[in-house]
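See below for the structure under consideration.
The values are calculated or read from the model by the stated rules, or taken from the named source; none is laboratory data. What you see is a predicted model; the values in this text were computed from it and never measured. Backbone-built Cβ (ideal geometry, glycine too); neighbour counts: all protein chains shown. When the accessible area is computed, the model is the full protein with side chains, heavy atoms only, and any ligands, DNA or RNA have been set aside. Shrake-Rupley method; radii C 1.70, N 1.55, O 1.52, S 1.80 Å.
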Amino acid sequence: MAERSRGVGGLVDRAMSRRACRTPIFGPVKLSVIGCGYLGAVHAASMAELGHEVVGVDVDVDRVERLSRGEPPFYEPGFAELLRRGVDEGRLRFTTDMGDVAGARVHFVGVGTPQRESGYAADLSHLDAAMTSLLAVMADHPVPGALVVGKSTVPVGTAARLQEWCGSEGVAATVVWNPEFLREGFAVQDTLTPDRVVYGLPEDRAAGEAARDLLDEVYAGVLSHGMPRLVTNYQTAELVKVAANSFLATKISFINAIAELCEATGADVTRLAEALGHDERIGPKFLRAGVGFGGGCLPKDIRAFMARAGELGVDQALTFLREVDAINQRRRQHAVAMAERHFGGSVRDRRVAILGAAFKPDSDDLRDSPALYVATRLVGQGADVVVTDPIALPGLHARYPHIQTAPNARAACVDAELVMLLTEWTDFTGLEPDQLGSVVKERAIIDGRNALDPARWEAAGWSYRGMGRASTTW
Ligand code: UGA
């Protein structure tokens with residue numbers, strides 16, 4: 001597999017994707033991608049980059065207009081370039097009209113499956129609405145050997161239900177489950193050079209083999225890098241995705257639980273995690289203690305997984321995820337409590353600068369963001385809060401117009417009595433303690449991501465507090 005390049009500049013191995021595009025191993029395939037959010041839009045642009053003829057469908061008119069003009073509707077490093085190239089070169093178009101997918105051989109379905117408003121289970125209404133319209137088009141314009149390829153994160157059992165649904169509508173399509181493992185901020189790279197590709201195929205051997213061969217054709221430019229391609233049944237493919245996200249969430253909550261122990265004992269969780277990570281069986285990744293995980297995936301996926309286990313009568317198997325979720329919630333609450341303690345109990349009228357709004361760096365996604373949780377809590381308690389974020393401020397203004405913002409860290413920190421670093425953008429981790437110290441009222445910082453060097457900040461006269469980080473010389 002090609003070495004994954006890191007950083008915005010090297011997001012895509014351009015030579016690779018260009019090569020795949022110019023000399024496809026097979027001819028271009030006519031594809032549709034239904035649902036053009038973070039997952040679908042990036043998938044559509046990546047498939048066009050591989051040389052396929054792609055139509056992306058979404059119900060959001062504004063989003064479709066922007067994508068059609070080659071303008072990304074969200075921030076994702078490397079995406080704008082791919083989108084523009086696909087649109088300009090005529091391989092990629094977007095529409096709100098499902099009728100435009102007629103004639104495609106493969107329909108990728110990447111609509112959102114958020115948490116239901118009532119309860120933990122996944123809300124499949126977008127998926128079902130998309131399937132209803134898609135099957136109507138497929139029934140009117142049959143394409144022999146057509147595939148419906150699910151990419152959304154769904155409860156186990158969904159693929160089989162959709163396959164049955166095709167049959168009941170008289171649509172001779174094969175459903176495949178092909179989970180997506182992309183991370184926001186690395187979406188293009190993860191789509192074009194994923195760690196692995198999983199095909200969940202139906203029981204029907206002949207249909208499954210034909211589906212596998214057609215997907216191999218679609219992904220030829222990806223598979224040529226030699227990454228593992230695993231073929232499984234539906235249930236395994238569906239479970240791989242939620243199991244992966246649950247494992248990642250568990251790893252983060254594990255280290256955050258240890259951070260609580262560190263706080264009670266005077267140990268330092270960053271040094272502890274470093275020592276743990278040297279054990280190859282554990283590994284150093286996803287052991288960063290802090291204000292915990294957020295976003296549109298990990299929190300809702302572990303909850304939907306628990307709900308599905310309950311429906312299947314095996315809820316005990318996943319009760320530990322309840323604890324994973326609870327630990328995660330406690331860490332953001334703990335950050336609020338640290339601010340309260342800093343001010344002797346009440347944050348009312350105290351000026352707090354918050355660095356970061358997005359749930360993680362290199363994303364403008366505010367869904368279930370720990371930073372936003374802390375900001376809204378402190379605002380609710382009467383603190384004079386100013387938030388800054390390199391990319392997420394437009395979304396913040398739209399959804400939380402009452403929250404004060406500033407264009408950069410320096411402006412946000414003017415007269416601050418406390419600074420809280422809650423999303424570890426490099427704009428913030430690279431701040432000069434002395435320079436920032438010249439604008440604040442009090443040199444006090446809470447590092448909610450353990451992303452700063454305490455010694456450097458303390459040397460510049462700051463009172464520094466991390467999450468589970470001791471102030472020791474060793
Ligand atoms: C996650 C998974 O990593 C992807 O593999 C998956 O495809 C995706 O969900 C999805 O289901 O669509 P993503 O939500 O983009 O990707 O974000 P992550 O990079 O996993 O980070 C999640 C959260 O965990 C962030 O809030 C991050 O700040 C936090 N985190 C991560 C920590 O608190 N500590 C860590 O050590 C790592």
*asked:* Checking the condition of a type outside the set (Ser, Thr, Tyr) and either touching a Gly at 6+ places or on another chain (Cβ under 9 Å) or outside any loop (DSSP other than H, G, I, E, B) (or both), which residue from GLU76, GLU71 passes?
replied: GLU76
*What is the residue count in segment 158-203 for residues that are more than 19 Å from LEU239 (Cα to Cα) and in contact (Cβ under 8 Å) with a residue 24 or more places away in the chain?*
17
*asked:* Please go through segment 40-82 and give me each residue that is open to solvent by 40 Å² or more (accessible area, probe 1.4 Å) and either within 16 Å of VAL149 (Cα to Cα) or of a type in the set (Asp, Glu) (or both), ordered by number.
replied: GLU53, ASP60, ASP62, GLU65, GLU71, GLU81
*Can you name every residue in segment 127-159 that is assigned to a loop (DSSP other than H, G, I, E, B) and closer than 11 Å to THR113 by Cβ?*
LYS151, SER152, THR153, VAL154, PRO155
*Of all residues in segment 457-474, which are within 32 Å of the chain's Cα centre (by Cα) and either open to solvent by 40 Å² or more (accessible area, probe 1.4 Å) or more than 21 Å from VAL291 (Cβ to Cβ) (or both)?*
ARG465, ARG469
_Please determine whether any residue of segment 441-450 is in contact with a His (Cβ under 8 Å, 6 or more places away or on another chain) and either modelled with pLDDT under 95 or buried (at least 21 other Cβ atoms within 10 Å of the Cβ) (or both)._
yes
*Using the structure shown, decide if SER224 is among the polar types (S, T, N, Q) and at pLDDT below 95.*
yes
*asked:* Can you report the number of residues in segment 285-319 which are β-branched (Val, Ile, Thr), surrounded by 15 or more Cβ atoms within 10 Å (Cβ to Cβ) and in a loop (DSSP other than H, G, I, E, B)?
replied: 1
_Checking PHE108 against (1) over 30 Å from TRP425 (Cβ atoms); (2) over 22 Å from the mean Cα position of the chain (by Cα); (3) crowded, with 22+ Cβ neighbours inside 10 Å: exactly one of these is not met. Which one?_
(2)
_Unmet requirement for ARG85, which otherwise passes all of (1) surrounded by fewer than 16 Cβ atoms within 10 Å (Cβ to Cβ); (2) of a type in the set (D, E, K, R); (3) part of a helix (DSSP H, G or I)_ = (1)
*Given (1) surrounded by fewer than 16 Cβ atoms within 10 Å (Cβ to Cβ); (2) more than 12 Å from the ligand (Cβ to nearest atom); (3) more than 21 Å from GLN115 (Cα to Cα), number of the condition LEU355 does not satisfy*: (1)
*Of the numbered conditions (1) open to solvent by less than 60 Å² (accessible area, probe 1.4 Å); (2) at pLDDT below 95, ALA207 satisfies every one except a single condition; which is it?*
(2)
*Considering only segment 239-260, state which residues are within 10 Å of the ligand (Cβ to nearest atom) and β-branched (Val, Ile, Thr).*
VAL242, ILE252, ILE255
*Could you tell me whether segment 400-410 includes any residue that is out of contact with any strand residue (DSSP E or B) (no Cβ under 9 Å at 6 or more places or on another chain), in contact (Cβ under 8 Å) with a residue 24 or more places away in the chain and assigned to a loop (DSSP other than H, G, I, E, B)?*
no
_For segment 415-430, give me the residue count where each residue is free of Cβ contacts under 8 Å to residues at least 40 places away in the same chain and not acidic (Asp, Glu)._
2
_segment 414-436, residues that are open to solvent by less than 10 Å² (accessible area, probe 1.4 Å) and away from the ligand (no atom under 16 Å from the Cβ)_ = ALA416, LEU418, VAL419, PRO433, LEU436
*Can you spot a residue in segment 360-377 that is assigned to a helix (DSSP H, G or I), under 26 Å from the mean Cα position of the chain (by Cα), surrounded by fewer than 20 Cβ atoms within 10 Å (Cβ to Cβ) and among the hydroxyl-bearing types (Ser, Thr, Tyr)?*
yes
*Could you tell me whether segment 311-323 includes any residue that is more than 28 Å from THR158 (Cα to Cα) and either under 22 Å from the mean Cα position of the chain (by Cα) or within 7 Å of the ligand (Cβ to nearest atom) (or both)?*
no
*What about VAL336, is it part of a helix (DSSP H, G or I), away from the ligand (no atom under 13 Å from the Cβ) and either among the polar types (S, T, N, Q) or closer than 20 Å to ALA392 by Cβ (or both)?*
yes
_Six or more apart or on different chains, Cβ atoms under 8 Å: show the pairs whose first residue is in segment 339-364 and within 16 Å of GLU442 (Cα to Cα) and whose second is more than 16 Å from the ligand (Cβ to nearest atom) and of a type in the set (Phe, Trp, Tyr)._
ARG350/PHE343
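Results for (1) within 11 Å of the ligand (Cβ to nearest atom); (2) open to solvent by 10 Å² or more (accessible area, probe 1.4 Å), shown as yes or no for each residue.
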| residue | (1), (2) |
| --- | --- |
| GLY145 | no, yes |
| SER152 | yes, no |
| VAL156 | no, yes |
| ALA172 | no, yes |
| GLU184 | yes, yes |
| ASP195 | yes, yes |
| VAL198 | no, no |
| PRO202 | no, yes |
*Which one is nearest to the chain's Cα centre (by Cα) among residues in segment 264-284 that are surrounded by fewer than 18 Cβ atoms within 10 Å (Cβ to Cβ) and closer than 19 Å to LEU452 by Cβ?*
PRO284
*asked:* Please verify whether ARG341 is open to solvent by less than 30 Å² (accessible area, probe 1.4 Å), of a type in the set (D, E, K, R) and either over 30 Å from GLN235 (Cβ atoms) or assigned to a loop (DSSP other than H, G, I, E, B) (or both), treating the condition exactly as stated.
replied: no
